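Okay, so here's the structure we're looking at.
Computed from the coordinates by the stated procedures, all read-outs in this text should not be read as laboratory data. Being a predicted model, the structure only gives us computed values, none of them experimental. Methodologically, a virtual Cβ is constructed for each residue, glycine included, from the backbone with ideal geometry; neighbour enumeration extends over all protein chains shown.
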Amino acid sequence: MAMIKCANCGKDVPAPANFCCDCGTTLAILSVNPENSTSQASGKIGDLNGDGKIDWEDFKIALSKSKKYASDKVNDVVSLAQDKMKSAQEKDAAAVEELVKTFEKDVQIERSESQVNREKFQSALTSTIDVKFAEIMVSKKETEAYLTYVDAQILTAKVRGIFKNVLSVTPPQVEAACLLSETILAPSTKDKENNIKAAIGIAGGTAGIGIVIGAIGSALGWGAGIIATLGAWFVGTSIAGPIGWGAAGLSLAVIAGYFASTSNQQTDTERFLRVLKSSIVRAVDAIWLQYETELSRVVTQADNDDEKK
């Protein structure tokens with residue numbers, strides 16, 4: 001009899017099986033390799049349409065499932081990856097947060113079609129980030145359960161690719177959000193400074209960049225004063241060029257210090273994910289009026305595809 005190895009406890013389970021008979025873990029993300037009866041699935045995690053690739057089509061599937069943030073298969077994998085990093089206390093806090101969200105869902109607020117489409121697109125983006133994060137994490141050893149700078153760049157490349165597929169360009173607000181998120185995991189102060197310079201050059205004077213900075217600051221726990229100062233510095237520096245790097249008593253090194261890494265790699269991973277999701281969501285808010293037609297068309301197409309199933 002063909003067997004499936006449970007990714008959670010390692011026990012061999014007869015195929016086809018949906019759950020591990022030992023620990024109860026969902027096995028829907030696994031499949032049997034006929035050439036090796038005990039091997040794990042050869043398909044990629046996050047490959048929602050089963051074509052062996054994680055690409056634009058998988059994002060569209062995530063988009064069509066945006067009301068529950070992704071398919072059950074994606075949620076299983078994301079949970080498996082995140083469990084590697086959560087302590088018992090953190091899991092309790094997450095459970096409380098989920099309970100609050102449940103109560104919030106009971107409050108019905110009338111929203112326009114534009115708002116609904118925007119929220120669906122934002123939900124699909126955060127789901128896609130979770131999928132890519134899970135794909136990276138499940139391949140790591142327990143002792144390496146954190147993201148590296150290269151991993152961060154892979155994740156942000158995934159986000160950029162979504163916008164390029166829809167708009168043929170990555171809007172500057174999105175590019176800045178990606179660069180500044182990467183800065184958290186940048187290995188040196190010099191790397192952090194280079195990312196900040198690049199973000200200023202691309203989006204420093206762009207409309208809406210202030211709300212992206214605000215999202216980043218909130219996610220990192222900056223005070224309101226720091227957020228306001230950095231927002232003004234960011235825009236002012238883009239206008240004045242390198243001369244502006246020392247304006248208002250601030251320097252590039254000081255700003256880079258706000259993105260300093262901690263001594264804990266798992267904590268930095270969580271900070272990076274928090275910042276990336278928050279800043280990308282706010283970047284979509286900033287660009288929605290400009291690109292509403294194109295982005296809404298993707299949402300509508302996904303809804304139509306979902307209705308046909």
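Entry note, the range 146-229: relative contact order of 25 percent, from Cα contacts under 8 Å with a spacing of 6+ residues.
Remark: for residue pairs Lys11/Lys140; Lys11/Lys158; Lys5/Lys140; Lys140/Lys192, the C-alpha separation exceeds 22 Å in Lys11/Lys158; Lys140/Lys192. Between the C-alpha center of the range 184-218 and that of the range 248-300 there is a gap of 8 Å. Take the Cβ atoms of Trp56 and Lys11, set R0 to 35 Å, and the FRET efficiency comes out at 0.45. Taking only the Cα atoms of the range 131-234, the ratio Rg/Rh comes out at 1.00, with Rh defined as the Kirkwood radius. Taking amide H positions as modeled 1.01 Å from N, with prolines and chain starts lacking one, the residues under 5 Å from Lys5 and 5 or more places away or on another chain are Val13.
Relative protection proxy for 213-221, 287-295, 115-123, from highest mean packing down: 213-221, 115-123, 287-295 (other beta-carbon atoms within 10 angstrom).
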